[in-house]
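The values are calculated or read from the model by the stated rules, or taken from the named source; none is laboratory data. The structure displayed is predicted, hence computed values, not measured ones. Every residue, glycine among them, receives a Cβ derived from its backbone with ideal geometry; neighbour counts consider all protein chains shown.
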Amino acid sequence: MKTMSVKSRTLKEANAELREKANGSPVHIHNVSHLHGLAAGLKHGEIIVEGNAGDYLGALNDGATIRVTQDTGNYPADNMTAGTVIIQGNAGFGAAEYCYGGTVVIVGDAGDFTATMNKGATIIVQGNVGDEAGTYMLKGSLIIVGNAGSNLANYLIRGAVYIGGEYRSLGHNTRLAALEDEDIALLKNCFETYGIAANPASFRKIVAASERPFYH
Amino acid sequence: MPIVGAFCVSVNREICVNAGMPGKCATCAEVCPHGVYELNLQTGEMNVVNFNACVGCRICAEFCPVNAIRINPAEPEYFTRYPWTFSAVEEVHYRAQTGEYLLRGFGTTGQTPNFDMITIVPSQISSPAPRDKYREECDMSVVIGENTCEKPVVLKQPFVWPAMSFGALSKEAKLALAISAAMTGIATDTGEGGLVPDEAWLARGYADAEMSVKKWDPGGYLLIQWSTGRWGVSADYLNSGDAVEVKIGQGAKPGMGGHLLGAKVTEEVSRVRGVPVGSDALSPCRYYDVQTLDDIKHMVAFLRDVTHYQMPIFFKLGPSRPYADVAACIEAGADAISLDGMVGGTGCSPDVVTQGVGIPTVACIPPAVQALKDYGVYRKVKLIALGGIRNGLDAFKAMALGADAVGFGSAAEVALGCRVCYACHKGNCPYGITSQKPEMRARLDPIEGGQRLANFIHACGEEVKILTMLSGHRSIQELSPEDLRAMDLNTAALTGLKLAGYDRPLPMWEEGFGLSKGKGNGHNN
């Protein structure tokens with residue numbers, strides 16, 4: 001097991017060491033909450049953040065697996081293209097925005113604008129999400145096991161939002177759709193993979209009312 | 001923009017092919033972007049059915065095989081009917097009939113303050129003597145990021161092609177821009193529509209993707225835009241260029257994101273952007289992952305990290321509060337700031353925004369320069385002026401006002417053949433510049449277009465050299481507002497330049513009233 005502490009170190013120093021060490025066995029990293037952009041742009045490796053992380057954790061992640069044992073700040077997994085980010089605690093505002101691929105799992109709650117402009121990632125929130133989750137999604141899935149705030153999936157274009165709890169309101173260009181076999185299979189697979197105790201059949205599916213909405 | 005002005009459309013029916021042989025020619029109807037002409041399918045006759053929609057671009061006249069069309073502006077109506085001109089009346093009708101607001105391409109039209117009422121002060125006996133353009137050297141280079149990153153951008157001439165996206169422009173137009181950048185040693189910019197793969201190696205002057213065969217010297221640079229829509233963005237995308245540009249806004253529609261209408265979202269564009277074919281791609285007006293200036297600082301920090309501290313970071317601003325916005329960019333860690341004035345162009349924008357929102361380019365530069373000076377980074381953090389700059393004369397004036405370099409956006413399209421029809425958003429550009437249709441794109445050869453653009457840059461570079469040297473300077477870095485005079489009160493008031501004849505700035509710009517932190521310059525104190 002590799003460990004590193006980045007107390008009082010700069011982002012440049014921390015990420016340079018991470019890139020060097022992120023081969024083979026997992027790297028356990030401590031004292032990182034002051035760093036914003038930790039593990040950005042990694043293409044491989046397994047990183048375990050012990051404790052809380054700052055903003056933009058794993059931004060532009062391109063293949064690494066990043067686990068956080070507690071909470072993150074805002075915008076974790078920002079613009080991720082591949083890999084996995086697992087947050088054992090809560091995530092702040094704008095979790096998993098602009099993602100093109102990979103998987104993000106937030107065990108706790110996530111703030112407003114979670115999964116905004118998702119373009120292909122699978123994003124799972126086991127707790128609740130704030131307002132505007134899934135805004136302007138173009139592809140991929142947002143799975144919310146708990147509840148959501150207002151304007152859920154606002155201006156959804158493609159992809160789907162699945163919700164197990166309640167929501168305050170749906171956004172523009174959305175409609176509820178019946179769960180199909182492939183939806184159940186997707187949910188079941190996610191729940192089994194990440195040890196989530198939930199019944200896929202109880203979820204509601206939200207899709208775009210139109211793939212080609214015109215604004216004017 | 002269905003209606004923008006009143007032009008008289010005259011067709012000489014004695015030579016018009018269609019008039020002689022109905023049905024034999026419909027070229028004017030095919031190329032007109034605004035439906036001025038209509039072919040009667042029963043009789044084969046061509047008629048001018050909507051002369052009020054003519055915007056005076058004269059594309060029909062250019063394409064007419066027998067030169068039968070004349071377009072004459074009907075300016076007098078602006079004296080006799082203003083403000084209720086034909087265009088104003090017809091625009092009201094359009095809104096009433098459709099319930100839609102007007103969209104159009106290109107930039108602000110009409111009487112917007114610009115560089116024209118500024119004159120250049122040549123050197124004579126009381127100032128350093130003029131330099132000889134034909135026998136002496138003039139340093140035209142601009143270095144960006146020399147103390148902040150490992151691979152600074154070194155522009156051979158003080159010009160850039162500003163951000164214009166793939167989608168808004170055709171692939172051929174993007175490649176022409178890249179080739180011309182390589183030919184002239186300047187920078188081109190991906191814009192927000194992702195990377196056209198060939199762009200990366202063509203911009204550096206190579207003929208192949210492996211970058212083994214150098215075809216164009218001296219080779220240019222590719223700026224990679226990081227924008228609010230993040231179309232096609234990944235770590236690899238960022239590392240495929242020479243600098244990252246963080247787009248905050250743009251001149252033609254500050255406060256709004258990019259507009260790409262469904263008509264231009266083809267399979268190829270859809271693959272890059274992830275938007276369904278035929279669906280509008282309207283970028284967010286702001287970054288969803290930025291709420292505070294600290295967020296921007298953190299974003300810049302990880303962008304530098306992901307690009308291995310090798311590339312400069314540019315910011316692109318729309319024309320809002322130049323002093324405060326430039327100050328924020330400096331605090332966020334910018335190496336260069338592209339400040340796009342309201343005259344800047346676009347592929348598509350609501351007409352009310354392009355026409356009525358923002359600060360004229362000429363008035364943006366002085367407060368931006370003051371912010372750079374107040375932060376002690378003038379000439380270190382580079383200022384690039386954009387928005388309505390048409391030639392070397394405008395470029396010189398912008399640089400003497402304090403910009404380090406300028407960008408030619410609209411002028412680049414015109415250099416490629418555009419005749420300014422304001423219909424870029426419709427996707428029917430007959431020159432293949434802003435169209436995604438194969439038959440239109442086939443009309444634009446990237447190498448020929450690249451040569452035209454390179455010629456344009458060469459000519460503008462020579463113009464800047466002439467003006468720099470007749471002003472007594474050896475380098476564009478020596479230019480200052482002292483090289484300029486305002487020729488009217490309005491321009492003197494907007495810019496702080498000395499008024500010609502009076503030879504002093506207007507009193508409101510004198511010591512104690514002029515630009516400094518918090519004094520009438522957009523700073524929030």
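At-a-glance table
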| read-out | value |
| --- | --- |
| Test: residue B:264 is among the basic types (Lys, Arg), within 16 Å of the chain's Cα centre (by Cα) and crowded, with 21+ Cβ neighbours inside 10 Å | no |
| Selection count where residues are within 14 Å of chain B (Cβ to nearest Cβ), part of a strand (DSSP E or B) and either more than 21 Å from residue B:237 (Cβ to Cβ) or without any contact (Cβ under 8 Å) to a residue 40 or more places away in the chain (or both), scope the stretch A:69-94 | 2 |
| Residue list for the stretch A:165-181, restricted to those being in a loop (DSSP other than H, G, I, E, B) and closer than 30 Å to residue B:350 by Cβ | A:169, A:171, A:172, A:173 |
| Those strands (runs of 3 or more DSSP E) lying entirely in the stretch A:1-68 with at least 2 residues within 14 Å of chain B (Cβ to nearest Cβ) | A:62-68 |
| Helices (runs of 4 or more DSSP H) contained entirely in the stretch B:182-299, each with at least 1 residues that are of a type in the set (Val, Ile, Thr) | B:267-273 |
| Failed item, numbered, when residue B:121 is tested on (1) away from every other protein chain (no Cβ under 14 Å); (2) surrounded by fewer than 20 Cβ atoms within 10 Å (Cβ to Cβ); (3) within 30 Å of residue B:435 (Cβ to Cβ) | (3) |
| Residue match in the stretch A:19-32 (condition: farther than 20 Å from residue A:107 by Cα and under 18 Å from the mean Cα position of the chain (by Cα)) | no |
| Qualifying residue in the stretch B:52-64 (condition: among the charged types (D, E, K, R), touching a helix residue (DSSP H, G or I) at 6+ places or on another chain (Cβ under 7 Å) and either touching a residue at least 12 places away in the same chain (Cβ under 8 Å) or in a loop (DSSP other than H, G, I, E, B) (or both)) | no |
| Single condition residue B:110 does not satisfy, out of (1) in contact (Cβ under 8 Å) with a residue 40 or more places away in the chain; (2) surrounded by fewer than 20 Cβ atoms within 10 Å (Cβ to Cβ); (3) within 14 Å of another protein chain (Cβ to nearest Cβ) | (3) |
| Criterion (free of Cβ contacts under 8 Å to residues at least 60 places away in the same chain, within 13 Å of chain A (Cβ to nearest Cβ) and either touching a helix residue (DSSP H, G or I) at 6+ places or on another chain (Cβ under 8 Å) or not hydrophobic (A, V, I, L, M, F, W, C) (or both)) met by exactly one of B:273, B:230, B:304, B:204 | B:230 |
| Residue among B:235, B:168 that is among the aliphatic types (A, V, I, L, M) and either surrounded by fewer than 20 Cβ atoms within 10 Å (Cβ to Cβ) or more than 14 Å from chain A (Cβ to nearest Cβ) (or both) | B:168 |
| Flag if residue B:217 is over 18 Å from the mean Cα position of the chain (by Cα), surrounded by fewer than 24 Cβ atoms within 10 Å (Cβ to Cβ) and under 22 Å from residue B:155 (Cβ atoms) | yes |
| Filter result (of a type in the set (Val, Ile, Thr) and over 23 Å from residue B:193 (Cβ atoms)) within the stretch B:294-353 | B:326, B:330, B:352 |
| Test: residue in the stretch B:456-467 that is farther than 30 Å from residue B:176 by Cα and crowded, with 16+ Cβ neighbours inside 10 Å | no |
| Total residues in the stretch B:300-316, condition aliphatic (A, V, I, L, M) and touching a Lys or Arg at 6+ places or on another chain (Cβ under 9 Å) | 3 |
| Only listed residue being surrounded by fewer than 20 Cβ atoms within 10 Å (Cβ to Cβ) and either in a helix (DSSP H, G or I) or in contact with a helix residue (DSSP H, G or I) (Cβ under 8 Å, 6 or more places away or on another chain) (or both), chosen from B:328, B:403, B:395 | B:328 |
| Some residue of the stretch A:168-182 being touching a strand residue (DSSP E or B) at 6+ places or on another chain (Cβ under 9 Å), polar (S, T, N, Q) and exposed (fewer than 14 other Cβ atoms within 10 Å of the Cβ) | yes |
| Where residue B:255 falls short, out of the listed (1) more than 9 Å from chain A (Cβ to nearest Cβ); (2) farther than 17 Å from residue B:434 by Cα; (3) surrounded by fewer than 21 Cβ atoms within 10 Å (Cβ to Cβ); (4) over 18 Å from the mean Cα position of the chain (by Cα) | (4) |
| The stretch B:44-101 - residue that is more than 30 Å from residue B:25 (Cβ to Cβ) and β-branched (Val, Ile, Thr) and, of those, nearest to the other protein chains (Cβ to nearest Cβ) | B:98 |
| Filtered residues of the stretch B:31-51 (kept if acidic (Asp, Glu) and in contact (Cβ under 8 Å) with a residue 24 or more places away in the chain) | B:45 |
| Meets criteria (outside any loop (DSSP other than H, G, I, E, B), under 12 Å from the mean Cα position of the chain (by Cα), within 23 Å of residue A:202 (Cα to Cα) and among the β-branched types (Val, Ile, Thr)) for residue A:122 | yes |
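Residues are listed down the side, and each one gets a yes or a no for (1) surrounded by fewer than 24 Cβ atoms within 10 Å (Cβ to Cβ); (2) in the same structural domain as residue B:262 (by TED's automatic domain parsing); (3) touching a Pro at 6+ places or on another chain (Cβ under 8 Å):
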{"position": "B:299", "(1), (2), (3)": "no, yes, no"}
{"position": "B:310", "(1), (2), (3)": "yes, yes, no"}
{"position": "B:336", "(1), (2), (3)": "no, yes, yes"}
{"position": "B:343", "(1), (2), (3)": "no, yes, yes"}
{"position": "B:354", "(1), (2), (3)": "no, yes, no"}
{"position": "B:370", "(1), (2), (3)": "no, yes, no"}
{"position": "B:382", "(1), (2), (3)": "no, yes, no"}
{"position": "B:387", "(1), (2), (3)": "no, yes, yes"}
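Each row is one residue, and each column tells you yes or no for (1) in contact with a Phe, Trp or Tyr (Cβ under 8 Å, 6 or more places away or on another chain); (2) part of a loop (DSSP other than H, G, I, E, B); (3) on the phi > 0 side of the Ramachandran plot; (4) of a type in the set (Val, Ile, Thr).
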{"residue": "A:183", "(1), (2), (3), (4)": "yes, no, no, no"}
{"residue": "A:190", "(1), (2), (3), (4)": "no, no, no, no"}
{"residue": "A:196", "(1), (2), (3), (4)": "no, yes, no, yes"}
{"residue": "A:211", "(1), (2), (3), (4)": "no, yes, no, no"}
